[in-house]
Amino acid sequence: MELFLQQVLSGVANGAIYASVALAIVMIYQAIHHLNFAQGEMAMFSTFIAWQLMQWGMPFWAALPVTVALSFAGGVAIERIVMKPIEHAPVLTHVVVFIALFTILNSAAGFIWDFTIKPFPTPFGTAPVLGNGLLSAHQAGMIAVVLVMLVLLYLFFRYTNTGLAMRAAAANPASARLVGIRVGWTTALGWGMASAIGSVAGMLIAPVVFLEPNMMLTILLYGFAGAVLGGLTSPAGAVLGGFIVGVVENLAGTYIPVVGPELKLPIALVLIVAVLVVKPSGLLGRRTVQRV
Amino acid sequence: MALRTCTLLAMAVGASALAAAPAMAQTAPGVTDTEIKIGNINPYSGPASAYGVIGKTIGAYFAKINAEGGVNGRKINYISYDDGYSPPKAVEQARKLVESDEVAIVFQPLGTPSNSAIQKYMNSKQVPQLFVATGATKWNDPKNFPWTMGWQPNYQTEGKIYGKYIADNLPNGKVGVIFQNDDYGKDLLKGLKDGLGAKAASMIIAEVPYEVSVPTIDSQIVQLKGSGADILVTIATPKFAAQVIRKVAELGWKPTHFLNNVAISVGAVIKPAGPENAKDILSTAYLKDATDPADKESPAFKEWEAFMDKYYPDGNKLDGSTVFGYAAAQTMVQVLKQAGKDLSRANIMKEAANLKNFEIGVLVDGIKVNTSPSDFAPIEQLQMQKFDGERWHRFGPVMSGESS
Amino acid sequence: MSVNEDIKYDAKLDGILDAATGAGTGKSRSLGSVVTLCLLAVAVVLPFVAQGFVVFQLTMVMVYGIAIMGLNILTGFNGQFSLGHSAFFAIGAYTAAILMESFGVSYVWTLPAAGLTAFVAGFLFGLPALRLEPIYLALATFALAVAMPQFLKLTPFEHWTGGVQGIVILKPDAPFGLPLSQDQWLYLFTLGVGFGLYLAARNIIASRTGRAIQAIRDNPIAARAMGINLSLYKTLTFGVSAFYTGVAGALSAIVVQFVAPDSYTLVLAVAFLVGMVIGGVGWLPGSLIGGAFILFVPNIAEGVSKGLSGAVYGIILLLIIYIAPSGVGGLLHKTADYFARRRK
């Protein structure tokens, strides 16, 4: 029983990592209705920028807003410069561009900052908070930040004109244009916000997994899984999905005999696919009705 | 008419390619009076690109040798290709090196999967696959693969040393193991079990694998602590090892901790994990540590530092791979020196199997490179060491897997 | 869903391209056949004039081309998306390797076995997965690609798969005492298999079944209304696509002489996808161009800069996409369109 509780708790801690990435994924999905495979590498790159600023002597609390602002600008710039010229190309072409962005960012980060792992400071400290060190202050802080971001996103989409415009633009660009929404700019704004959220996620994750160019490689997959499980249209669902993935994965690794430890990720993914077969729009996602 | 054009086109392709085919007659492939071609395969891109530093360091070292006049008057023409840690790509690159670039040897190709993929080819072509950069045990097999030779101490030897140490000094311990689920992790685990001998089954109470694709190993450490183990053996690459060290400390768990030597770099593992968390960790070493305050002052490291500043200024001195590549390249140069005028592939292989007490400054004192026609394992010795919260202290005799 | 719309856009491509390359009727067909024959003749001559390792590279180009053709059947003609085709490639490769090394089966017979195994795997995977919307199917196949290497090294199967060490295979000699090197023989063998599979794919697509498959892509609801059994056809397509990729996997195992879990990672699945888009979605000959891209462009990138090879690769990829947003196929289509208009 104790082991069970410990694994759940450690799963929740990991889940916070996935949830923070899942939020960035939901953000970009709301803006462009696709998944961005370069999202993780963008977050990694932002985190390196924060690290570099601190190396140059900037304190953490100054580096944080500067990095978020730079990441926002970077996201907008990528949309305007890279994505805009091919906005009418097929979806698969966009996917290939994401892959190109992925390799460029990963390779550039390795070139500039090399591949040795770097410690990244945490503003919350590492003192144990709960369950004999199972949940450290940083992990508790991370969960709190994820929840705050969730509330802010919810408010943004629900109550601001920009948020509504963005949802409209993504759901139906043609009609949105007719009611006077500048679709191009809401898309760019979406990229910027997703990039900014990703930078916060990166800065929360780096203290746990250490900073290096490949740090987001697999976390992104977990983030996708969480976002899809919870529903790509729902920030709350994505966060919930992230936590569920973390816990289920830990329990599968601990309690399924023989193959459990080796296959904990595939088992978690199979469970997610099973959920999606039963409930195709995710746990909290809205069902979209197709027009004939 | 179209058909005739077509025939003509096909013939033209044939003729042009025939004309381009070089007609060469050489006694020693890849060798001229002024240079020797040495090939290499490293993962410069992809998930294992951290190791690409080794290939770059080797290139920098050969540049230094060339600047100093080469070996026996010959410059080294070093051709290094990227395989992205993918076995099919390694086969393609090996064939390009052998058949197109016509290198004399392929030196330090990296990774067990890539080397497994090219081993048969290299041996059938009788091209030396020399000093491969992997610690698998299978490279020491001169009978079946006379053209393939390892370099670093193999993982099983290292595991055996930990196993023997535990059996001798902590016979009542309960051992928990976390290992990377690949060839390297399983090899080291096997060595550990061999070292523990008959007691292995009763002493190892938990073995937990992790995949390189996991973000954190927290769950595995929680599980190991829960198993009641009081000895922890960590078989993990630098990033995960650093996570293990930190998580163990966060949990307030105090096992006797054995850490494999791919992850002992003070700069790249211990410092990020927190030196205070790494106190009393036991490990082994065969290379000195560039970030160790005592080793740093040795003449060999002064030399290394000068080399890094001049020939590889972008290189990260905290990265142990630079020391590794530096030492491996020195071994290669020694073989070329020994081979003298006869740089045929057969003679290079013969001299590679004829290293006698060769000393490399950055190796731990007392460890020497030795090979023979029946011993294709150049470095076989390791020394135990303990971390005191600031630096490693080596203790006890220099050991090999058999003689500890 | 936008995925379907976009692929519809590409579908037009196929008809016009066929005319350009010779699948249409009348005059254009005979011209097309000549072009095809011509290319084939050059392809047959090549191994006798190129260096051994170049022959090996070209063989790998064809192997990847066949795998991408499998993916193209799925995406280009049925509108489904897969990030997991490295898994079927792996299944084919391991089937061939295990049959050859553990059971002494001749390499020729491993191909149909590998294809069938991959077909069954694809069919079974497709049954639940195809109920998912495209974006979820992407995740499910993504998961398959990530999970496959872990299955391959699973301890209980180690006896067959060789675990993390993989399996080494002997390379076959040319049959009937033909005076060919192993490389030349495998090249010609792969060429023959690839060409046969290409013709088969064209026939499938032109058949009644093929039209049903494309109808599903273009308008699933209308297709259902016309009495097409959606899930059956979708799953069948998935199986056929996996069959092609599985055969390619078996060929790769024979050509590379080695299988290991590290050969079949997500990187390979992504490469297939990139190759398909570069060649042109829905244009089968483009698969070969895609195969050439994923084999040669990393080498070019590496030649430009070792430290930044990934970035150079990405930039080359971006440039090609800007020049040809719908791949080489799309570019040909536009060019053909342009000339057709001028002639009028």
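Annotations for the structure displayed:
- Treating each Cα of chain B as an identical point scatterer and summing with the Debye formula, the log10 of I(q)/I(0) at q = 0.06, 0.09, 0.13 Å⁻¹ comes to -0.27, -0.56, -1.09.
- Neighbour-count order for A:Thr116, A:Thr126, fewest beta carbons within 10 angstrom listed first: A:Thr126, A:Thr116
- Of B:Lys386/C:Lys306; B:Lys296/B:Lys386; B:Lys239/C:Lys306; B:Lys64/B:Lys160; A:Lys118/B:Lys37; B:Lys288/B:Lys337, those spanning more than 29 Å from alpha-carbon to alpha-carbon: B:Lys386/C:Lys306; B:Lys64/B:Lys160; A:Lys118/B:Lys37
- Once the Kirkwood radius over Cα pairs is known for region A:195-282, the Stokes-Einstein relation at 25 °C and 0.890 mPa s delivers a diffusion coefficient of 177 µm²/s.
- Shielding of peptide C:130-140 by partners, expressed as the average count of other chain Cβ atoms within 10 Å per residue Cβ, is 6.
- Mean sequence separation of contacting Cα pairs (under 8 Å, at least six apart), scaled by the length of region A:2-278, corresponds to a relative contact order of 39 percent.
- Here is the list for region A:32-133: chymotrypsin sites (Phe, Trp or Tyr not before Pro) lying in DSSP coil, each with at most 15 other C-beta atoms within 10 angstrom of its C-beta, are A:Trp56.
- Rounded if a/c under 1.5, otherwise prolate or oblate - region B:94-247, Cα gyration tensor axes: prolate
- Every pair of different Cα atoms in the protein assembly as shown enters the Kirkwood calculation, which places the hydrodynamic radius at 30.0 Å.
- For region A:2-278, a simple Cβ point-charge model (Lys and Arg +1, Asp and Glu -1, everything else neutral) yields a dipole of about 720 debye relative to the Cα centre.
- Taking 0.36 nm per residue of separation and subtracting the Cα-Cα distance, full extension of the segment from C:Ile323 to C:Phe48 would add 95.5 nm.
- Geometric descriptor of region B:75-141, per residue, is 84 Å³ (volume of the convex hull of the Cα atoms).
- Hydrodynamic estimate: the Kirkwood radius of region B:273-372 over Cα pairs, inserted into Stokes-Einstein at 20 °C and 1.002 mPa s, corresponds to D of 139 µm²/s.
- Size of electric dipole in region B:225-365: Cβ of Lys, Arg +1 and of Asp, Glu -1, about Cα centre, debye, nearest 20: 360 debye
- With the gyration tensor restricted to C-alpha atoms of region C:2-343, the semi-axes of the equivalent ellipsoid amount to 30, 25, 21 Å, longest first.
- Cα gyration tensor category, rounded, prolate or oblate, for region C:128-206 with a/c compared to 1.5: oblate
- Charge tally in the Cβ shell below 12 Å around A:Leu9, where Lys, Arg are +1 and Asp, Glu are -1, A:Leu9 excluded: -2
- Residues whose placed amide H lies under 5 Å from that of C:Val105, excluding near-sequence neighbours: C:Met100
- Near A:Val129, the amide H atoms lying under 5 Å from its own belong to A:Leu135, A:Ser136, A:Ala137; only residues 5 or more places off or on other chains count, and H is placed 1.01 Å from N.
- Residue order, fewest to most beta carbons within 10 Å, for B:Val132, A:Val275, B:Val31: A:Val275, B:Val31, B:Val132
- Residues of type lysines that C:Lys234 reaches as a straight line, Cα spacing below 21 Å, ignoring anything fewer than 8 places off in the same chain: A:Lys279, C:Lys8, C:Lys12
- In units of the rule-of-thumb radius 2.2 N^0.38 Å, region A:1-138 shows an alpha carbon radius of gyration of 1.26.
- Between C:Ala206 and C:Arg342, the modelled labels are 3.0 nm apart [label points 7 Å from Cα along Cα→Cβ].
- Axis angle, to the nearest 10 degrees, between helix B:155-169 and the longest C-alpha principal axis of chain B: 20 degrees.
- For region A:219-279 versus region A:178-198, the gap between their alpha-carbon centres in whole angstrom: 29 Å
- Three-way shape call for region C:62-121 based on the alpha-carbon gyration tensor, with the a/c threshold at 1.5: prolate
- The radius of gyration of the Cα set in region A:103-233, together with its Dmax, comes out at 18.2, 58 angstrom.
- Where the Cα pairs of region C:43-155 fall when distances are cut into 5 Å bins, in %: 2, 10, 16, 20, 18, 15, 10, 6, 3, 1, 0
- Counting neighbouring Cβ atoms within 10 Å and putting the fewest first, the residues C:Arg208, B:Arg74 line up as C:Arg208, B:Arg74.
- Pairwise label distance in nanometres, C:Phe103 with B:Asp388, each label 7 Å out on the Cα-Cβ vector: 6.3 nm
- Inter-part distance where region B:147-212 and region C:69-120 are each reduced to a Cα centre, Å: 37 Å
- Euclidean distance of C-alpha centroids, region C:260-332 and region B:286-348, integer Å: 37 Å
- With all projection directions averaged, the alpha carbon convex hull of region A:2-278 covers 15.7 nm².
- Nearby aspartates and glutamates by direct alpha-carbon distance to B:Lys138 (threshold 20 angstrom, same-chain neighbours under 8 apart not counted): B:Glu158, B:Asp182, B:Asp183, B:Asp187, B:Asp194, B:Asp375, B:Glu380, B:Glu402, C:Glu101, C:Glu158, C:Asp262
- Value of Rg to Rh for region B:303-352 (Rh from inverse mean 1/r over Cα pairs, i.e. Kirkwood): 1.14
- For region C:272-344, Kirkwood radius (reciprocal of mean inverse C-alpha pair distance, Å): 13.0 Å
- Vicinal HN-Hα couplings computed from phi for region A:72-78 (Karplus, 6.51 cos²θ - 1.76 cosθ + 1.60; Hz; Gly/Pro x): 4, 4, x, x, 4, 4, 4
Bear in mind these aren't lab numbers, they're just calculated from the coordinates by the rules spelled out. Remember, it's a predicted structure, so these values are computed and weren't measured experimentally. Cβ sites come from the backbone with ideal geometry, for glycine too, and all protein chains shown count toward neighbours.
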